[in-house]
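The values are calculated or read from the model by the stated rules, or taken from the named source; none is laboratory data. Keep in mind that this is a model prediction, so the values were computed, not measured. Cβ coordinates were reconstructed from backbone atoms using ideal geometry, including for glycine residues, and neighbour counts include every protein chain displayed.
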Amino acid sequence: MAGELITNAPRRALAVYAHPDDPEVSCGGLLARWAAAGSEVHAVVATRGDKGSADPLTDPTELASRRAREVDAAADVLGLAGVELLGHPDGELAGKTELVEELVGLVRRFRPDVVVGVDPTAVFFGDGYVNHVDHRVVGWATLDAVAPAASSPLYFPGQGPAHQVATLLLSGTLEPDTWADVEGTLDTKVAAMFCHRSQMGDDAGEWLGDFVRQRAAEEGRRAGVRFAEGFRRIRLVPEEVS
Ligand SMILES: [Zn+2]
């Protein structure tokens, strides 16, 4: 497969993810790079992250507020223009047209050239992991919101004037064909991920950087650079390259 590197920075980008730490984990290097290059980058987090704990005594509401603060801190590190928290409970997104409508409203409000999101067709990674249902649901809702709903005025007419997104970049994919060189922003990505302390324990300083560098180096080998993040790219407006 011929891989391509992302070279341009869009005027505006929107990253749509399920859980509070997903944008950093999935595409933090790319978002930081675009923000540093002057792109207006917004993120959407669909859930409250209220079930993101292995401790049965956790208070879900307290966890959700802690995670909202972690989102703000991480967004500052990445240089994002803002993050929209949709506030849905974890694991309860399935079958909601409401989510598609919310995303259509945000796409029409922010008018991004590029939407970065989840590849919902990736269900199994190897033989030991089932992709989280929230990732799959948000991934499908993002596709449904971008193509065709947001660009088509008769869909959700109350959500603002139609907007055509030029490019979709899907992370968490089994079929990457496009890579972002993130050597310059890998430390920023690690710092942003480190803001999500509720998810990684107090010893994260010891392993997080190595873990992220190792994953980015694997993708980098596929892309022919030192460190990369991989995506599946869908060009909805073929003449616009980003
Ligand atoms: Zn997640």
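Side notes on the structure shown:
- Restricting attention to segment 88-114, the residues that are under 30 Å from Gly38 (Cβ atoms) and of a type outside the set (Lys, Arg) total 10.
- So Ser39, is it over 21 Å from Leu143 (Cα atoms), hydroxyl-bearing (Ser, Thr, Tyr) and in contact with a Lys or Arg (Cβ under 8 Å, 6 or more places away or on another chain): yes
- Yes/no for Ala75 being within 20 Å of Thr142 (Cβ to Cβ), of a type outside the set (D, E, K, R) and either under 18 Å from the mean Cα position of the chain (by Cα) or more than 13 Å from the ligand (Cβ to nearest atom) (or both): yes
- Filter pass, Ala73 being more than 23 Å from Pro157 (Cα to Cα), hydrophobic (A, V, I, L, M, F, W, C) and touching a residue at least 12 places away in the same chain (Cβ under 8 Å): yes
- Leading residue by the ranking (nearest to Leu14 (Cα to Cα)) among those in segment 103-123 that are within 16 Å of the ligand (Cβ to nearest atom) and outside any loop (DSSP other than H, G, I, E, B): Val116
- Residue pairs meeting the criteria (Cβ under 8 Å; at least 6 apart or on separate chains; first under 15 Å from Phe211 (Cα atoms), in segment 18-33; second within 8 Å of the ligand (Cβ to nearest atom)): Ser26/Tyr17
- Qualifying residue in segment 170-178 (condition: among the small types (Gly, Ala, Ser), part of a strand (DSSP E or B) and within 20 Å of the chain's Cα centre (by Cα)): yes
- Residues satisfying the stated conditions in segment 10-34, i.e. away from the ligand (no atom under 16 Å from the Cβ) and under 16 Å from the mean Cα position of the chain (by Cα): Pro10, Arg12, Ala13, Leu14, Gly29, Leu30, Ala32, Arg33, Trp34
- Considering Asp177, Asp144, Asp134, the condition of being out of contact with any His (no Cβ under 6 Å at 6 or more places or on another chain), surrounded by 23 or more Cβ atoms within 10 Å (Cβ to Cβ), at pLDDT 95 or above and not basic (Lys, Arg) is satisfied by Asp134 alone.
- Every pair of residues 6+ apart whose Cβ atoms lie under 9 Å, when the first sits in segment 87-106 and is in contact (Cβ under 8 Å) with a residue 12 or more places away in the chain and surrounded by 14 or more Cβ atoms within 10 Å (Cβ to Cβ) while the second is in a loop (DSSP other than H, G, I, E, B) and aromatic (Phe, Trp, Tyr): Val100/Tyr155; Val100/Phe156; Glu101/Tyr155; Glu101/Phe156; Val104/Tyr155; Val104/Phe156; Gly105/Phe156
- In segment 187-234, residue surrounded by the most Cβ atoms within 10 Å (Cβ to Cβ) [restricted to those that are over 25 Å from Ala64 (Cβ atoms) and acidic (Asp, Glu)]: Glu229
- Test set (1) more than 16 Å from the ligand (Cβ to nearest atom); (2) part of a helix (DSSP H, G or I) - Ala64 fails condition number: (1)
- Picking from residues in segment 35-48 that are out of contact with any Gly (no Cβ under 6 Å at 6 or more places or on another chain) and part of a loop (DSSP other than H, G, I, E, B), the one that is nearest to the ligand (Cβ to nearest atom) is Ser39.
- The one condition from (1) within 12 Å of the ligand (Cβ to nearest atom); (2) of a type outside the set (A, V, I, L, M, F, W, C); (3) crowded, with 20+ Cβ neighbours inside 10 Å that Lys51 does not meet is (3).
- Lys96 vs. criteria more than 18 Å from the chain's Cα centre (by Cα), within 14 Å of the ligand (Cβ to nearest atom) and of a type in the set (D, E, K, R): no
- Check on Thr61, surrounded by fewer than 15 Cβ atoms within 10 Å (Cβ to Cβ) and either modelled with pLDDT under 95 or closer than 21 Å to Leu169 by Cβ (or both): no
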